[in-house]
Number of protein chains: 4
Amino acid sequence: MNDSAVLLIDCPDRKGLVARVAGLLYEHGANILHADQHQDHEMGLFFMRVEWALNGHRSGGIAAQGAAGSAGAEPFDLERFQAAFAPLAAELNMRWKLTTSARRPRVALFCSQYLHCMADLLHRWRSGELHCEIPLIVSNHREVENLAGFYGVRFEHTPVTAATRAEAEARQLDLLAREGIELVVLARYMQILSPGFVARYPAAIINVHHSFLPAFTGARPYHAAHARGVKLIGATSHYVTEILDDGPIIEQDVARISHRDQVEDLIARGRDLERLVLSRAVRWHLDRRILCYGNKTVVFD
Amino acid sequence: MNDSAVLLIDCPDRKGLVARVAGLLYEHGANILHADQHQDHEMGLFFMRVEWALNGHRSGGIAAQGAAGSAGAEPFDLERFQAAFAPLAAELNMRWKLTTSARRPRVALFCSQYLHCMADLLHRWRSGELHCEIPLIVSNHREVENLAGFYGVRFEHTPVTAATRAEAEARQLDLLAREGIELVVLARYMQILSPGFVARYPAAIINVHHSFLPAFTGARPYHAAHARGVKLIGATSHYVTEILDDGPIIEQDVARISHRDQVEDLIARGRDLERLVLSRAVRWHLDRRILCYGNKTVVFD
Amino acid sequence: MNDSAVLLIDCPDRKGLVARVAGLLYEHGANILHADQHQDHEMGLFFMRVEWALNGHRSGGIAAQGAAGSAGAEPFDLERFQAAFAPLAAELNMRWKLTTSARRPRVALFCSQYLHCMADLLHRWRSGELHCEIPLIVSNHREVENLAGFYGVRFEHTPVTAATRAEAEARQLDLLAREGIELVVLARYMQILSPGFVARYPAAIINVHHSFLPAFTGARPYHAAHARGVKLIGATSHYVTEILDDGPIIEQDVARISHRDQVEDLIARGRDLERLVLSRAVRWHLDRRILCYGNKTVVFD
Amino acid sequence: MNDSAVLLIDCPDRKGLVARVAGLLYEHGANILHADQHQDHEMGLFFMRVEWALNGHRSGGIAAQGAAGSAGAEPFDLERFQAAFAPLAAELNMRWKLTTSARRPRVALFCSQYLHCMADLLHRWRSGELHCEIPLIVSNHREVENLAGFYGVRFEHTPVTAATRAEAEARQLDLLAREGIELVVLARYMQILSPGFVARYPAAIINVHHSFLPAFTGARPYHAAHARGVKLIGATSHYVTEILDDGPIIEQDVARISHRDQVEDLIARGRDLERLVLSRAVRWHLDRRILCYGNKTVVFD
């Protein structure tokens, strides 16, 4: 097993931040696997992601070259590190999150009638690309039921009408709570979530919008793109906020189209984009590569 | 010399259009080099571009295989064809344009302070990529003067202020008229042309906008893109219409950016996009590959 | 139902080909939906794809504008057209193929242990993107068995060892013959087919190779790409010929990588490319958009 | 002025490298602007690039938040830091290079008859994109002479024939030495440099090859790409080594082509790729973003 820990930090920028974090990790004998940091000079903010091995060795023959003596062969003492890091973080006004790869986040997938993103995510999950549990699929339609069954995931049908929206959301929130869901993925879920729902999962609901945001927000973006005569279409994955299609963008991609492409061709081309940008966003979130600030994201690669 | 003729057609769609146009060309012994057509089924429109040799042979050994006998070796009689085609076009309600490669359109380039598009277009012109004459460069600044001199192009300085806009445009229009300009290229010209100016050159003014339209219209699009936190930036070349940044799109392209990129990085990356989408639009226009209809373009490849 | 016919032609280039084919279709009252042609001037070859409606009307309100009178409302008489076209084709030395959308080709999918392309193709098929029947899945492993079951496709396990290769291929060929298979798709099938097998399905076996051909032919291309330090990886779909990884290329795509990407990252990124280029190739083949000549393809868009 | 220093390091990987380098910089009061590191786990190597301000402040209001007291307002003492860093580097077996933005490397551009890369580089240089001096242009032809004159760069004509190659190279090396050249850029220079020449400028000669390496090495790659029927063409910038087209790849890019594109179209499309990949490579080299190891590059972004 190759367990690792990931520490995500954001705080006001100041001198010595890398030195102090890296120094503390070094003192505790960490084998750093990846480290990345970013400064937003304009806003005076500092961001860091550092990942290190927990089980005393890493792939390759590096441990043998370790300078810190026998520490390389022992498991990393995460609790001891956390106890030492907390006061440093407080002193430096850090927001931080420390997680381990052994703990797999619990994810719920929402969809409506289009299943291409859902099928894609489930296949990636089954084949090991997505490091999470998927205990729950929710839909206001029944098209996904067979697919959920094939992958052995609980399916809950929550039909939504204008009259029953509040009730349906209450039921959905109850399901999420009972299943201990930490991330909600809207895989072409065509209902708008209420502000109250969104507020319960800050930076923890990922949506895919079928346009190159901020162009063509709202309904029927492919129709709008066709009407405008654009030469590229796009798709965007983003965290959901109270304002429709306005949350922090995680990933975008585009495909070339031509005058020959009708709306149905745009929709078909777009499906591939939607699959790609949504699955990347989910994977990066699960790999704890994303930090939100303001209305933007830092995505460490 | 390999002269060719290009016929561009658009008309209401109906059966037999290809058969009748191709049939007439065949009767006149045309060696068709390229032919392309497009139907907009939704609007019931038909578009066609056909290019054929004028000088009785084409590159490659094809002529030897010609089935139409000695016609292959004689120059194509364009006047006779045109006389026969006009009544057909009238019958079928065609808008059409017949041009020959021997006639090189006269183009004026406008710019302000940024010269990257200008330098790029001039180099492409000099090296033979753009089949046109460039007798005139106009700018509200003087930065481009040396470059114009190097390429031997007349430079006219037309400073513009709020108070002198009308006067400056009158002078520009006079210059364009005297030089017999058929296409105006706004190579990062940062002044907005008046509706009266635009009306004089319908589908004959090409602009480059430094965003992926319709996102980020208007001023400072890179700043807006940075503020929104997009993951791709774009550039768009389009025909200028009365409404700012709203004309028929000719070409778009995008480049990936990340959280590391500041506004100045976006501006630098964007320059490459601007060069590419503008130069492609100009070349396609000169090669008579573009048909405008509604607020869209057909670009034959 | 919107049935259509597609005529694919290739022949020595000569004057009047478009006129004569389009003229014949016009005489028979065809509502042409799409037409495209291509000339290879160097080799003196002509290629054409034309698609027309079979059931007397097409989407949109175009038929009402039809000039050919009542013909627009009647079904197209395909047999009568074919009888008239055959002598023309013979005169002009055409190779040609006339098919209708009502007839769905029968396709077999082959795979080994990696299922991403298989899962992708099956989902696209189920959701209507691929116009074919898929009566058969063949694999030298058993991983795909459940997936085949979910989609209701017959699964046949044909283990292959050096000693049993000939026998396994004989069994596979027998299965293909019994199921009336017209197209074989190698969806990451990791066995090399014998020349005898390949000869049975000329231009009817599509493979995906996990590199940007002709770079990195043969085994372990991602390892080779990593060793060479390339900055983009690619995938290629192509028709299978006797020579490994050398057949006519149908589609290619690439993705950017960096020094941070290890071989396993390349493999993961590559899976998305493989899915895309293989599914596009299969769709284009089924939509009869591809013509092979020499060792190349014409792909009409 | 915003002067900065860049430290590039590569060494055997071991624990604590980031901590020790960052710690030393912190002790000396460095305002770090950017820091990036990379580990090649397979080879046990560590790479780092760190950039910090030299003149006591940086853009934005960050300095006011500096924790290290008045150090933020004083110029950074580079010599003192270097004296302290050298023994650390020796202890840790580091190869390292410390440079400042105030010192602009001296670059020579070589070309033959095609001027698109040359014109592009010179314009970028003039407009401030490339932080270097360009005192010398060398060519075996005279086409570039006017362009060199326009940009005020010394032009040297060094014709090369099979018989005079050694002599020409001796003259070129002499010119480079006299001008104190540190980087040679082959902007479509169509002569092969001798091993002796190459050995004089290790990782300091950048070439652009007009294919997606390792496909289509050697002469006439666009012809080879056309013959193979690829669907994308590419260009590659790389450091020159003794083996032709085999040096460490810096950047690659591709463009989509179709069956309609003849060799001359590939050449035209390729020019845009060549400009882009060569100019990026030169800029990254000048910004000291590239580390070579084995036959690969790390390009810090």
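Could you list, in sequence order, all residues of region C:199-238 that are within 11 Å of another protein chain (Cβ to nearest Cβ) and of a type in the set (Ser, Thr, Tyr)? The answer is C:Ser211, C:Thr217, C:Thr236, C:Ser237.
Can you name the residue in region B:135-152 that is among the hydrophobic types (A, V, I, L, M, F, W, C) and open to solvent by 10 Å² or more (accessible area, probe 1.4 Å) and is also nearest to D:Arg126 (Cα to Cα) among such residues?
Here is the first cut: in region B:135-152, the residues among the hydrophobic types (A, V, I, L, M, F, W, C) are B:136-138, B:144, B:147-148, B:150.
Still in the list and also open to solvent by 10 Å² or more (accessible area, probe 1.4 Å): B:147, B:150.
Numbers: B:Leu147: 12, B:Phe150: 15 Å.
That would be B:Leu147.
For region C:30-43, name all the residues that are within 7 Å of chain B (Cβ to nearest Cβ), part of a loop (DSSP other than H, G, I, E, B) and farther than 15 Å from C:Tyr293 by Cβ. If the condition is that a residue be within 7 Å of chain B (Cβ to nearest Cβ), part of a loop (DSSP other than H, G, I, E, B) and farther than 15 Å from C:Tyr293 by Cβ, then C:Asn31 is the only one that fits.
Restricting attention to region C:275-301, which residues are within 10 Å of chain D (Cβ to nearest Cβ), hydroxyl-bearing (Ser, Thr, Tyr) and under 30 Å from C:Arg228 (Cα atoms)? If the condition is that a residue be within 10 Å of chain D (Cβ to nearest Cβ), hydroxyl-bearing (Ser, Thr, Tyr) and under 30 Å from C:Arg228 (Cα atoms), then C:Thr297 is the only one that fits. Filtering region C:11-29 to residues that are part of a helix (DSSP H, G or I), surrounded by fewer than 21 Cβ atoms within 10 Å (Cβ to Cβ) and of a type in the set (Gly, Ala, Ser) leaves only C:Gly23.
For B:Val230, which of the numbered conditions (1) closer than 30 Å to B:Ser258 by Cα; (2) touching a residue at least 60 places away in the same chain (Cβ under 8 Å) fails to hold? So the condition that B:Val230 fails would be (2).
With the requirement that a residue be open to solvent by less than 50 Å² (accessible area, probe 1.4 Å) and more than 8 Å from every other protein chain (Cβ to nearest Cβ), what does region A:247-274 give you?
Of the residues in region A:247-274, the ones open to solvent by less than 50 Å² (accessible area, probe 1.4 Å) are A:247-255, A:257-263, A:266, A:268, A:270, A:272-274.
Result: A:Gly247, A:Ala255, A:Ile257, A:Asp261, A:Val263, A:Leu266, A:Gly270, A:Leu273, A:Glu274.
Among the residues of region C:44-57, those identified as open to solvent by less than 30 Å² (accessible area, probe 1.4 Å), aliphatic (A, V, I, L, M) and part of a strand (DSSP E or B) are C:Met48, C:Val50, C:Ala53. Remark: pairs (first residue in region B:65-92, farther than 24 Å from C:Phe46 by Cβ and open to solvent by less than 70 Å² (accessible area, probe 1.4 Å); second residue at pLDDT below 60 and in a helix (DSSP H, G or I); Cβ separation under 7 Å; 6+ apart in sequence or on different chains) are absent. Against the conditions (1) under 17 Å from the mean Cα position of the chain (by Cα); (2) in contact (Cβ under 8 Å) with a residue 40 or more places away in the chain, B:Arg103 satisfies every one except (2).
For region D:188-226, a tally of residues being more than 13 Å from the chain's Cα centre (by Cα) and either aliphatic (A, V, I, L, M) or over 14 Å from D:Gly270 (Cβ atoms) (or both) returns 20. If the condition is being touching a strand residue (DSSP E or B) at 6+ places or on another chain (Cβ under 7 Å) and within 30 Å of C:Glu133 (Cα to Cα), then region C:258-271 contributes C:Arg269, C:Gly270. Pairing each residue of region A:164-187 that is without any contact (Cβ under 8 Å) to a residue 40 or more places away in the chain with any residue that is open to solvent by 20 Å² or more (accessible area, probe 1.4 Å), provided the two are 6+ apart or on different chains, yields C-beta distances under 6 Å for A:Ala168/A:Val160; A:Glu169/A:Ser194. Residues of region B:115-130 include none that is assigned by TED's automatic domain parsing to the domain that holds B:Tyr189, farther than 19 Å from D:Met118 by Cα and buried (at least 17 other Cβ atoms within 10 Å of the Cβ).
If you go through region C:222-242 one residue at a time, how many are more than 21 Å from C:Val282 (Cα to Cα) and open to solvent by 20 Å² or more (accessible area, probe 1.4 Å)?
Filtering region C:222-242 for residues more than 21 Å from C:Val282 (Cα to Cα) gives C:222-233.
Narrowing further to those that are open to solvent by 20 Å² or more (accessible area, probe 1.4 Å): C:223-224, C:226-228.
Selection size over region C:222-242: 5.
Contact map, region A:244-264: residues that are among the hydroxyl-bearing types (Ser, Thr, Tyr) paired with residues that are open to solvent by 30 Å² or more (accessible area, probe 1.4 Å), Cβ distance under 9 Å, separation 6+ or inter-chain. Pairs shown: A:Ser258/B:Asp301; A:Ser258/C:Asp301.
If I ask for residues that are hydrophobic (A, V, I, L, M, F, W, C) and touching a Phe, Trp or Tyr at 6+ places or on another chain (Cβ under 7 Å), which ones from region A:251-269 would you list? Step through it out loud before you land on a result.
Pass one, region A:251-269, residues hydrophobic (A, V, I, L, M, F, W, C): A:254-255, A:257, A:263, A:266-268.
Correct list: A:Val254, A:Val263, A:Leu266, A:Ile267.
The values are calculated or read from the model by the stated rules, or taken from the named source; none is laboratory data. This is a predicted model, so every value here is computed, not measured. As a convention, Cβ positions derive from the backbone with ideal geometry for all residues, glycine included, and neighbour counts pool all protein chains shown. Note: accessible area is taken over every heavy atom of the protein model, side chains too, but ligands, DNA and RNA are not part of it. Shrake-Rupley method; radii C 1.70, N 1.55, O 1.52, S 1.80 Å.
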